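**Q** Sharing a structure with you now.
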Amino acid sequence: MNIFLWITAFVLSVIVVSFVWRLYSNRHTIPCPAWLGWLVEINNPFFKNSSAKSVISYLDIHPSMRVLDFGCGSGRLTIPLAQKVGEQGLVTAFDIQFAMLEKVRAKAKKAHVENIEYINGAAGENKLGVKKYDRALLVTVLGEIVDKNSLLQEIYTALRDDGILSITEIIADPHFMGYKSVSALANNAGFVKKDFFGNKISFTATFTKDLQ
(Lines give C-alpha, C1' and ligand atoms only; values in the text may rest on other atoms or scores of the structure.)
Protein backbone atom coordinates (compact mmCIF):
# COMPACT_ATOMS: atom_id res chain seq x y z
CA MET A 1 0.00 0.00 0.00
CA ASN A 2 1.49 3.34 -1.02
CA ILE A 3 1.74 6.40 1.22
CA PHE A 4 -1.34 8.04 -0.29
CA LEU A 5 -3.52 5.05 0.58
CA TRP A 6 -2.08 4.96 4.10
CA ILE A 7 -2.91 8.64 4.62
CA THR A 8 -6.40 8.19 3.18
CA ALA A 9 -7.06 5.19 5.42
CA PHE A 10 -5.84 7.14 8.46
CA VAL A 11 -8.01 10.16 7.71
CA LEU A 12 -11.08 7.99 7.15
CA SER A 13 -10.40 6.16 10.41
CA VAL A 14 -10.20 9.46 12.30
CA ILE A 15 -13.48 10.61 10.74
CA VAL A 16 -15.26 7.36 11.62
CA VAL A 17 -13.93 7.35 15.20
CA SER A 18 -14.87 11.00 15.68
CA PHE A 19 -18.38 10.35 14.37
CA VAL A 20 -18.92 7.32 16.61
CA TRP A 21 -17.46 9.20 19.62
CA ARG A 22 -19.74 12.17 19.05
CA LEU A 23 -22.80 9.96 18.53
CA TYR A 24 -22.10 8.03 21.74
CA SER A 25 -21.28 11.17 23.73
CA ASN A 26 -24.70 12.61 22.87
CA ARG A 27 -26.17 9.93 25.12
CA HIS A 28 -23.45 9.54 27.73
CA THR A 29 -21.21 11.88 29.71
CA ILE A 30 -17.69 11.19 28.45
CA PRO A 31 -15.05 13.45 30.03
CA CYS A 32 -11.46 13.52 28.88
CA PRO A 33 -9.74 10.52 30.57
CA ALA A 34 -7.45 11.46 33.47
CA TRP A 35 -4.50 9.77 31.77
CA LEU A 36 -4.89 12.29 28.93
CA GLY A 37 -4.73 15.22 31.33
CA TRP A 38 -1.42 16.33 29.87
CA LEU A 39 -3.10 16.82 26.49
CA VAL A 40 -5.69 19.32 27.71
CA GLU A 41 -2.93 21.25 29.45
CA ILE A 42 -1.53 22.36 26.11
CA ASN A 43 -2.50 25.82 24.87
CA ASN A 44 -3.24 25.08 21.22
CA PRO A 45 -1.21 27.53 19.07
CA PHE A 46 -3.93 27.46 16.39
CA PHE A 47 -6.62 28.63 18.82
CA LYS A 48 -4.88 31.34 20.82
CA ASN A 49 -8.10 32.89 22.11
CA SER A 50 -8.75 29.68 24.07
CA SER A 51 -5.49 29.88 26.02
CA ALA A 52 -5.81 30.13 29.79
CA LYS A 53 -4.51 33.69 29.71
CA SER A 54 -7.04 34.77 27.08
CA VAL A 55 -10.07 33.10 28.67
CA ILE A 56 -9.26 34.65 32.05
CA SER A 57 -8.70 38.08 30.50
CA TYR A 58 -12.30 38.09 29.20
CA LEU A 59 -13.74 37.77 32.72
CA ASP A 60 -12.64 40.93 34.52
CA ILE A 61 -11.43 38.92 37.52
CA HIS A 62 -10.74 40.83 40.74
CA PRO A 63 -9.14 39.82 44.05
CA SER A 64 -11.51 38.18 46.57
CA MET A 65 -13.86 36.83 43.88
CA ARG A 66 -15.31 33.33 43.96
CA VAL A 67 -14.90 31.42 40.70
CA LEU A 68 -16.29 28.07 39.57
CA ASP A 69 -14.13 26.06 37.18
CA PHE A 70 -16.65 23.39 36.19
CA GLY A 71 -15.05 20.39 34.50
CA CYS A 72 -11.67 21.73 35.56
CA GLY A 73 -9.73 18.73 34.28
CA SER A 74 -6.13 18.84 35.40
CA GLY A 75 -6.30 22.54 36.28
CA ARG A 76 -5.13 24.43 33.20
CA LEU A 77 -7.26 27.40 34.29
CA THR A 78 -7.77 26.55 37.96
CA ILE A 79 -4.27 27.47 39.09
CA PRO A 80 -3.99 30.86 37.30
CA LEU A 81 -7.55 31.69 38.39
CA ALA A 82 -6.66 31.01 42.01
CA GLN A 83 -3.59 33.20 41.68
CA LYS A 84 -5.71 35.94 40.12
CA VAL A 85 -8.37 36.08 42.86
CA GLY A 86 -5.71 36.03 45.58
CA GLU A 87 -5.74 34.68 49.10
CA GLN A 88 -9.08 36.31 49.93
CA GLY A 89 -10.73 34.73 46.90
CA LEU A 90 -11.72 31.14 46.20
CA VAL A 91 -11.74 28.91 43.15
CA THR A 92 -13.84 25.76 43.07
CA ALA A 93 -12.28 22.95 41.06
CA PHE A 94 -15.24 20.76 40.09
CA ASP A 95 -14.76 17.54 38.14
CA ILE A 96 -16.44 14.18 37.73
CA GLN A 97 -13.08 12.42 37.88
CA PHE A 98 -11.33 12.23 41.24
CA ALA A 99 -8.05 11.52 39.44
CA MET A 100 -8.26 14.89 37.70
CA LEU A 101 -8.77 16.67 41.02
CA GLU A 102 -5.69 14.93 42.37
CA LYS A 103 -3.72 16.38 39.46
CA VAL A 104 -4.99 19.84 40.36
CA ARG A 105 -4.02 19.31 44.02
CA ALA A 106 -0.49 18.34 43.01
CA LYS A 107 -0.13 21.39 40.77
CA ALA A 108 -1.55 23.69 43.43
CA LYS A 109 0.87 22.36 46.02
CA LYS A 110 3.80 22.87 43.66
CA ALA A 111 2.64 26.44 42.92
CA HIS A 112 1.99 27.15 46.64
CA VAL A 113 -1.67 27.88 45.91
CA GLU A 114 -4.06 27.17 48.76
CA ASN A 115 -7.29 29.00 47.88
CA ILE A 116 -8.90 26.13 45.95
CA GLU A 117 -11.74 23.90 47.06
CA TYR A 118 -12.18 20.54 45.38
CA ILE A 119 -15.55 19.00 44.55
CA ASN A 120 -15.83 15.56 42.99
CA GLY A 121 -19.23 15.31 41.38
CA ALA A 122 -21.39 15.48 38.29
CA ALA A 123 -23.91 17.84 36.80
CA GLY A 124 -27.32 17.54 38.42
CA GLU A 125 -26.10 16.57 41.88
CA ASN A 126 -26.81 20.06 43.26
CA LYS A 127 -23.35 20.52 44.74
CA LEU A 128 -22.83 24.08 43.51
CA GLY A 129 -24.84 26.02 46.06
CA VAL A 130 -26.95 29.17 45.63
CA LYS A 131 -25.59 32.58 44.56
CA LYS A 132 -22.11 31.51 45.59
CA TYR A 133 -19.99 32.51 42.59
CA ASP A 134 -19.01 35.70 40.77
CA ARG A 135 -17.79 33.80 37.72
CA ALA A 136 -18.38 30.33 36.25
CA LEU A 137 -16.35 28.74 33.46
CA LEU A 138 -17.12 25.87 31.11
CA VAL A 139 -14.02 25.37 28.96
CA THR A 140 -14.63 22.70 26.29
CA VAL A 141 -16.96 20.99 28.76
CA LEU A 142 -20.56 21.70 27.76
CA GLY A 143 -20.57 19.19 24.90
CA GLU A 144 -19.58 16.39 27.27
CA ILE A 145 -22.73 16.82 29.36
CA VAL A 146 -25.85 14.87 28.43
CA ASP A 147 -28.39 17.07 30.24
CA LYS A 148 -27.00 20.45 29.25
CA ASN A 149 -30.15 22.36 30.21
CA SER A 150 -30.05 21.11 33.79
CA LEU A 151 -26.37 21.97 34.11
CA LEU A 152 -26.85 25.55 32.91
CA GLN A 153 -29.86 26.02 35.18
CA GLU A 154 -27.78 24.71 38.08
CA ILE A 155 -25.03 27.21 37.25
CA TYR A 156 -27.62 29.99 36.93
CA THR A 157 -28.69 29.26 40.51
CA ALA A 158 -25.07 29.11 41.70
CA LEU A 159 -24.12 32.49 40.19
CA ARG A 160 -24.68 35.75 41.99
CA ASP A 161 -27.03 38.22 40.30
CA ASP A 162 -24.13 40.16 38.76
CA GLY A 163 -22.18 37.00 37.94
CA ILE A 164 -20.80 36.00 34.55
CA LEU A 165 -20.91 32.63 32.79
CA SER A 166 -18.06 31.95 30.36
CA ILE A 167 -18.28 29.15 27.77
CA THR A 168 -15.28 28.29 25.60
CA GLU A 169 -15.43 25.98 22.57
CA ILE A 170 -12.82 24.99 19.98
CA ILE A 171 -13.48 22.85 16.93
CA ALA A 172 -10.51 20.58 17.73
CA ASP A 173 -12.50 19.25 20.69
CA PRO A 174 -14.54 16.11 19.81
CA HIS A 175 -17.53 17.57 21.71
CA PHE A 176 -17.38 20.95 19.96
CA MET A 177 -20.57 23.02 20.02
CA GLY A 178 -21.21 25.98 17.74
CA TYR A 179 -22.12 29.39 19.11
CA LYS A 180 -25.77 29.20 18.01
CA SER A 181 -26.29 26.00 19.99
CA VAL A 182 -24.43 27.35 23.01
CA SER A 183 -26.36 30.62 22.92
CA ALA A 184 -29.73 28.87 22.62
CA LEU A 185 -28.97 26.67 25.62
CA ALA A 186 -27.79 29.66 27.67
CA ASN A 187 -30.92 31.64 26.77
CA ASN A 188 -33.16 28.74 27.77
CA ALA A 189 -31.47 28.66 31.18
CA GLY A 190 -32.11 32.37 31.74
CA PHE A 191 -28.87 33.90 30.49
CA VAL A 192 -28.38 36.73 27.99
CA LYS A 193 -25.36 37.46 25.82
CA LYS A 194 -22.68 39.73 27.19
CA ASP A 195 -19.68 39.36 24.86
CA PHE A 196 -18.27 37.13 22.15
CA PHE A 197 -14.55 36.61 21.55
CA GLY A 198 -12.97 34.67 18.70
CA ASN A 199 -14.65 33.16 15.66
CA LYS A 200 -16.98 30.34 14.60
CA ILE A 201 -14.47 27.55 15.23
CA SER A 202 -12.78 28.88 18.36
CA PHE A 203 -14.60 31.19 20.73
CA THR A 204 -15.40 32.26 24.25
CA ALA A 205 -18.92 33.53 24.85
CA THR A 206 -19.88 35.28 28.08
CA PHE A 207 -23.36 35.57 29.50
CA THR A 208 -25.09 37.35 32.37
CA LYS A 209 -28.28 36.50 34.20
CA ASP A 210 -31.48 37.91 32.71
CA LEU A 211 -33.10 39.45 35.79
CA GLN A 212 -35.86 41.33 34.00
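**Q** Please list, ordered by first then second residue, the pairs with beta carbon atoms under 7 Å, 6 or more apart or interchain, first in region 116-130 and farther than 16 Å from residue 153 by Cα, second open to solvent by 30 Å² or more (accessible area, probe 1.4 Å).
**A** Correct list of pairs: 117/90; 118/105; 119/127; 120/98; 121/96; 121/127.
**Q** Restricting attention to region 199-212, and to residues there that are in contact with a Lys or Arg (Cβ under 9 Å, 6 or more places away or on another chain) and not β-branched (Val, Ile, Thr), which single residue is nearest to residue 131 (Cα to Cα)?
**A** Residue satisfying both the conditions and the ranking: 209.
**Q** Quickly run through region 158-193 and pick out the residues that are of a type outside the set (Phe, Trp, Tyr) and part of a helix (DSSP H, G or I).
**A** Those that are of a type outside the set (Phe, Trp, Tyr) and part of a helix (DSSP H, G or I): 158, 180, 181, 182, 183, 184, 185, 186, 187, 188.
**Q** Now, a different point. Go through region 178-209 residue by residue and tally those that are of a type in the set (D, E, K, R) and either touching a residue at least 60 places away in the same chain (Cβ under 8 Å) or open to solvent by less than 50 Å² (accessible area, probe 1.4 Å) (or both).
**A** So the count comes out to 2.
**Q** Those residues that are part of a loop (DSSP other than H, G, I, E, B) and more than 15 Å from the chain's Cα centre (by Cα), I need them from region 129-146; list them, please.
**A** Of everything in region 129-146, those that are part of a loop (DSSP other than H, G, I, E, B) and more than 15 Å from the chain's Cα centre (by Cα) turn out to be 129, 130, 131, 132.
**Q** Now a separate question. Would you be able to tell me the number of residues in region 90-119 that are more than 25 Å from residue 177 (Cβ to Cβ) and part of a loop (DSSP other than H, G, I, E, B)?
**A** Result for region 90-119: 5.
**Q** Within region 146-161, work out how many residues are open to solvent by 20 Å² or more (accessible area, probe 1.4 Å) and of a type in the set (Val, Ile, Thr).
**A** Here the count works out to 2.
**Q** Can you confirm whether residue 140 is under 19 Å from residue 80 (Cβ atoms), modelled with pLDDT under 95, open to solvent by less than 50 Å² (accessible area, probe 1.4 Å) and not small (Gly, Ala, Ser)?
**A** The answer is yes for residue 140.
**Q** OK, next. More than 23 Å from residue 64 (Cα to Cα), open to solvent by less than 50 Å² (accessible area, probe 1.4 Å), assigned to a loop (DSSP other than H, G, I, E, B) and modelled with pLDDT under 95, is that true of residue 122?
**A** yes
**Q** Taking the condition of being at pLDDT below 95 and closer than 15 Å to residue 165 by Cα, how many residues in region 73-109 meet it?
**A** 0
**Q** Restrict the check to region 162-172 and report whether at least one residue is more than 14 Å from residue 134 (Cα to Cα) and loosely packed, with under 14 Cβ neighbours inside 10 Å.
**A** There is at least one residue in region 162-172 that is more than 14 Å from residue 134 (Cα to Cα) and loosely packed, with under 14 Cβ neighbours inside 10 Å.
**Q** Of the residues 109, 103, which single one is surrounded by 17 or more Cβ atoms within 10 Å (Cβ to Cβ), over 18 Å from residue 65 (Cβ atoms) and basic (Lys, Arg)?
**A** Of the residues listed, the single one that is surrounded by 17 or more Cβ atoms within 10 Å (Cβ to Cβ), over 18 Å from residue 65 (Cβ atoms) and basic (Lys, Arg) is 103.
The values are calculated or read from the model by the stated rules, or taken from the named source; none is laboratory data. Small disclaimer: the values here were computed from a predicted structure and weren't measured. When we count neighbours, we look across all protein chains shown, and the Cβ atoms used for this are built from the backbone with ideal geometry, even at glycine. We work out accessible area using only protein heavy atoms, side chains counted, and drop any ligands, DNA or RNA first. Shrake-Rupley method; radii C 1.70, N 1.55, O 1.52, S 1.80 Å.
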